[in-house]
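Following: one structure in structure tokens, then a few remarks.
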Amino acid sequence: MTATQTHCPYCALQCGMTLTPEIPLRPGMPGVRLEPADFPVNRGGLCAKGFTAADLLDHTDRLLTPLVRKEPGNRESPLREASWEEAYEQIVAAMTRSQREFGRDSVGVFGGGGLTNEKAYALGKFVRVALRSSAIDYNGRFCMSSAATAANRALGVDRGLPFPLADVAEAQTVLLVGANPADAMPPSMQYLDAGRANGAKHIVVDPRRTNTANGAHLHLQPLPGTDLALANGMLHIAIRENLIDEAFIHHRTEGFAAVKAATNSYWPERVERITGVPEAQLRETVRLLAGNRPSMILTARGAEQHSNGTDTAQAWLNLALALGLVGRPFSGYGTITGQGNGQGGREHGQKADQLPGYRRLDDPAARAHVAKVWGIDPAELPVPGLSAYEMIDRLGADGGVRVLWVLASNIVVSAPDSNRVRDRLGRTDFLVVSDIFRSETAELADVVLPTAQWAEEEGTMTNLEGRVLRRRMALPPPPGVRTDLQVIVDLAGELGRGEFFTGEPREVFEELRRASAGGIADYAGISYERIEAEQGVFWPCPSEDHPGTRRLFADGFPTASGRARFIRVDHRDAAELPDGSFPYVLTTGRNMQQYQSGTQTRRVKALNVALPEARAEIHPDLARRHGIADGDLVELRSRRGVATLRARLSDGIRPDTVFAPFHWPGANALTNPALDPHSKMPAFKVCAVAITRVPEGTFG
């Protein structure tokens, strides 16, 4: 039996694993044995999700054939099995009719951060070449967009970690802001553990005492939505105590004077009032970052999923630059990518404003380069379209998308203000969903297409370090199931544009290399063979004799001046504040056993035994105020919706804050879709809620 080296289908660590064929448990379905691999990222480790990933390959809920409505056009009628030909006929007819009646932009696509680089690239090309539409975005807009925007503004490039993950173990001080890797990506904790074993001091900024915070030297618990003030307050202290790196600022940056002036008003006492973080903790954090080097500042979604998320990430970048951390060995600023291909998925054309290689769609030179690779006139390329939530919010409206194809996303669960999302999906003329299972979004569709899983396809992924990896096929898809890449090619052919597309992953990647050449995310020197021989290749890698770029910024910044940019940012209140009717702050996040919208992990028996339902984490003081005991059902209510969860009492959360995981339907019925003006990131991490105990016997 031949073993296949591949990578986990879940988070952006992309842990290495080995799949070996074995006798199947279900007749007619393949069987595999999954074991961790000694890959540089996970070094033989896997989390519970990774260990159970193969359980889904032969799951009884698996979609194995296309589904269409028994009564076409009536979504109240049941879904029935159909042939691929019938499904394609309905999809193409709907797309063609809509574009004829309402224009090209009336047909759109919503992609996913779990798609391979090849599929993400082909999908962006499909929308712009086959549909000739501007309407494409993806769920990564809800994940990395604020940090990406901030990094591009300050550093000239967005790569989650500009250094290998292993560098974290060498840092003597690590500040983790809104990050809980102990639950979200457990194998990464070995690097933090190694650092602490060598005397490193770790500081965690989080309104909850998470498993990550439990191991930290310091735990700072700000009110959600005040991280920007916290960062500006630390920079104020660094300036006043002469802890900034004047030489680095002078020789390698620009714009510091405006930022320095802005921080004058963030004196420690004021910042303590805004954030709730004691002044002594602010000072100790700054002194550790400045004096206990090398030092890193790492942010994640807790700092970024806000209506001012870009400015918040910018504030932490300002602090890292002022302390001279960036571009130094085992030091710097990074952001922890969440989704499996959240990095690569945004580099090659799934975002509404981007072309392959992280090129801007509104840049004439970028348009000319990519159009030449694609064999079209640059004038044929559409203008930038709407961001993810903006596109969803206008579904079915005048000028909005009327026919939508959703791939690798379950937006009914994962998008903010999910009741409105469900309503807008219902207003579309035609909805197509490609998925492994009948997700909550698929249940609303006119046509559902079954898709191959991670172990049944070839391609590449780009992990949180910027390391491009090979995803290898260990077994073929079940009979009747096609890969997303093949479906893209099929539909392009049905639309009369098939000559521009290929269904061979290697051929797609070779074209991607040419399209990305010279761009920020340059893959020109990366080949399947190099990836295999070198256990991944770091971008940018502009030529085959280039070693790849493991560490960025040592010699300069890819900005117009070659210097990093300080950008002035100021604290502003969250888009929605508590009041008499909604007196508490809700923040959302991850649990260890589940992943994203839970479409996959909620079907894994071992994970559901460990965590069978969503739990609202509340402080005992808040619980006593409302007569709530541990395990009671509670109703959370916001201005947008209601969710019922079981209470989990914890003195590790702020008494004014409630935490809810987003892996089940419910949490995002509450969240606020207010958008960051720069990144268009929704404010997942802060909304105002009321809480009441649900009497026994009144629910369900």
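The values are calculated or read from the model by the stated rules, or taken from the named source; none is laboratory data. Quantities reported herein were computed from a predicted structural model and do not represent experimental measurements. We place every Cβ from the backbone using ideal geometry, glycine too, and count neighbours over all the protein chains shown. Just the protein is used for accessible areas: all its heavy atoms, side chains included, with ligands, DNA and RNA removed. Shrake-Rupley method; radii C 1.70, N 1.55, O 1.52, S 1.80 Å.
A few comments on the model shown:
- Inspection of the stretch 606-620 finds no residue satisfying the criterion of being over 24 Å from Lys685 (Cβ atoms) and among the charged types (D, E, K, R).
- Failed condition for Ala515, given (1) assigned to a helix (DSSP H, G or I); (2) under 22 Å from Ala452 (Cα atoms): (2)
- Hey, Glu507 assigned to a helix (DSSP H, G or I), under 24 Å from Met473 (Cβ atoms), of a type in the set (Asp, Glu) and without any contact (Cβ under 8 Å) to a residue 24 or more places away in the chain or not: yes
- Residue tally, condition open to solvent by 10 Å² or more (accessible area, probe 1.4 Å) and of a type outside the set (Lys, Arg), over the stretch 309-329: 3
- Residue in the stretch 652-674 that is at pLDDT 95 or above, touching a Leu at 6+ places or on another chain (Cβ under 9 Å), farther than 21 Å from Arg301 by Cβ and surrounded by fewer than 24 Cβ atoms within 10 Å (Cβ to Cβ) present: yes
- Strands (runs of 3 or more DSSP E) fully within the stretch 29-102 counting 3 or more residues that are open to solvent by 30 Å² or more (accessible area, probe 1.4 Å) and of a type in the set (D, E, K, R): none
- Single condition Val168 does not satisfy, out of (1) crowded, with 24+ Cβ neighbours inside 10 Å; (2) among the hydrophobic types (A, V, I, L, M, F, W, C); (3) within 30 Å of Gly400 (Cβ to Cβ): (3)
- Any hit, the stretch 630-646, residues being surrounded by fewer than 22 Cβ atoms within 10 Å (Cβ to Cβ), out of contact with any helix residue (DSSP H, G or I) (no Cβ under 7 Å at 6 or more places or on another chain) and more than 19 Å from Gly666 (Cα to Cα): yes
- Any hit, the stretch 635-651, residues being in a strand (DSSP E or B), closer than 19 Å to Ala184 by Cβ and at pLDDT 95 or above: yes
- Residue among Ile526, Ile531 that alone is modelled with pLDDT of 95 or more, buried (at least 22 other Cβ atoms within 10 Å of the Cβ) and within 29 Å of Arg472 (Cβ to Cβ): Ile526
- Gly496 meets the conditions (1) surrounded by fewer than 20 Cβ atoms within 10 Å (Cβ to Cβ); (2) in contact with a Leu (Cβ under 9 Å, 6 or more places away or on another chain) in every case but one. The failed one is (2).
- Taking the stretch 680-690 as the range and being surrounded by fewer than 22 Cβ atoms within 10 Å (Cβ to Cβ) and either touching a helix residue (DSSP H, G or I) at 6+ places or on another chain (Cβ under 8 Å) or assigned to a loop (DSSP other than H, G, I, E, B) (or both) as the test, no residue passes.
- Considering the stretch 566-579, the residues that are open to solvent by 40 Å² or more (accessible area, probe 1.4 Å) and over 25 Å from the mean Cα position of the chain (by Cα) include one that is nearest to Thr253 (Cα to Cα), namely Arg568.
- Here the helices (runs of 4 or more DSSP H) wholly within the stretch 279-335 that include at least 1 residues being in contact with a Phe, Trp or Tyr (Cβ under 6 Å, 6 or more places away or on another chain) are 309-322.
- The lone exception for Arg132 - which of (1) open to solvent by 10 Å² or more (accessible area, probe 1.4 Å); (2) of a type in the set (D, E, K, R); (3) closer than 24 Å to Ala303 by Cα it fails: (3)
- Test: residue in the stretch 580-595 that is in a helix (DSSP H, G or I) and open to solvent by 40 Å² or more (accessible area, probe 1.4 Å): no
- Candidates are the residues of the stretch 207-226 that are of a type in the set (A, V, I, L, M, F, W, C) and crowded, with 20+ Cβ neighbours inside 10 Å; the one that is farthest from Ala674 (Cα to Cα) is Ala216.
- Those residues of the stretch 394-408 which are at pLDDT 95 or above and buried (at least 20 other Cβ atoms within 10 Å of the Cβ), in sequence order: Leu395, Gly400, Val401, Arg402, Val403, Leu404, Trp405, Val406, Leu407
- Contact annotation: residue pairs with Cβ atoms under 7 Å, 6 or more positions apart or on different chains, pairing a residue in the stretch 82-111 that is within 15 Å of Arg132 (Cα to Cα) with a partner that is in a helix (DSSP H, G or I) and open to solvent by 30 Å² or more (accessible area, probe 1.4 Å), are Val92/Glu494; Ser106/Gln99; Val107/Gln99.
Results for (1) within 14 Å of Asp137 (Cβ to Cβ); (2) touching a helix residue (DSSP H, G or I) at 6+ places or on another chain (Cβ under 7 Å), shown as yes or no for each residue.
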{"residue": "Tyr358", "(1), (2)": "no, yes"}
{"residue": "Asp362", "(1), (2)": "no, no"}
{"residue": "Ala365", "(1), (2)": "no, no"}
{"residue": "His369", "(1), (2)": "no, no"}
{"residue": "Val373", "(1), (2)": "no, yes"}
{"residue": "Ile376", "(1), (2)": "no, yes"}
{"residue": "Ala379", "(1), (2)": "no, no"}
{"residue": "Pro382", "(1), (2)": "yes, yes"}
{"residue": "Leu395", "(1), (2)": "yes, yes"}
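- Criterion violated by Pro695 - all others in (1) over 18 Å from Tyr389 (Cα atoms); (2) open to solvent by 30 Å² or more (accessible area, probe 1.4 Å); (3) in a loop (DSSP other than H, G, I, E, B); (4) in contact (Cβ under 8 Å) with a residue 24 or more places away in the chain satisfied: (4)
- You will find that of Gly349, Gly345, Gly338, the residue that is touching a Phe, Trp or Tyr at 6+ places or on another chain (Cβ under 9 Å), of a type outside the set (Lys, Arg), at pLDDT below 95 and assigned to a loop (DSSP other than H, G, I, E, B) is Gly349 and no other.
- Listed here are the helices (runs of 4 or more DSSP H) enclosed by the stretch 375-456 that have at least 2 residues being more than 22 Å from Lys70 (Cα to Cα) and among the β-branched types (Val, Ile, Thr): 411-414.
- Of residues in the stretch 279-299 being in contact with a Pro (Cβ under 8 Å, 6 or more places away or on another chain) and touching a residue at least 40 places away in the same chain (Cβ under 8 Å), the one most open to solvent (accessible area, probe 1.4 Å): Arg283
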